[in-house]
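The values are calculated or read from the model by the stated rules, or taken from the named source; none is laboratory data. Bear in mind that the values here come from a model prediction, so they are computed numbers and not experimental data. Positions of Cβ are generated from backbone atoms using ideal geometry, with glycine treated the same way; all protein chains shown enter the neighbour counts.
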Amino acid sequence: MVGDTEVRFFADEWSEVHQLIPLVNDGETDKKGGYDIILMAETLYSISAQKRLYELIKRCLAYHDGAVYMAAKKYYFGVGGGTRQFLSMIEKDGKNGLYKERIVFVHPQHHP
């Protein structure tokens, strides 16, 4: 902990990890809770796990001010996941304006 800033690392199955995390939203949009910043890397390769990851983001992200910074590839060859697939899933959610603008994708750069 530095000053009033606290950094924590959590790892578990995405559908279960919210039980370990102290600051989660209860699903009501007018309540305060969640994290200001969520960092993720290489989490979108599995299409079957993307819905659970998205549900976790919605439970853990601070409602009004939070942001997710996600490092991932646009497409994972051989497994089909990636940022395009994930973004498509978010757009199908009725709350797309709420979450779509708060997830920042960072794609790897390929240098010749």
### Query
What's the number of the condition SER88 fails, among (1) modelled with pLDDT of 85 or more; (2) buried (at least 16 other Cβ atoms within 10 Å of the Cβ); (3) of a type in the set (Ser, Thr, Tyr)?
(2)
### Query
Among the residues of segment 27-42, is any touching a Leu at 6+ places or on another chain (Cβ under 9 Å), at pLDDT below 85 and either among the β-branched types (Val, Ile, Thr) or part of a helix (DSSP H, G or I) (or both)?
yes
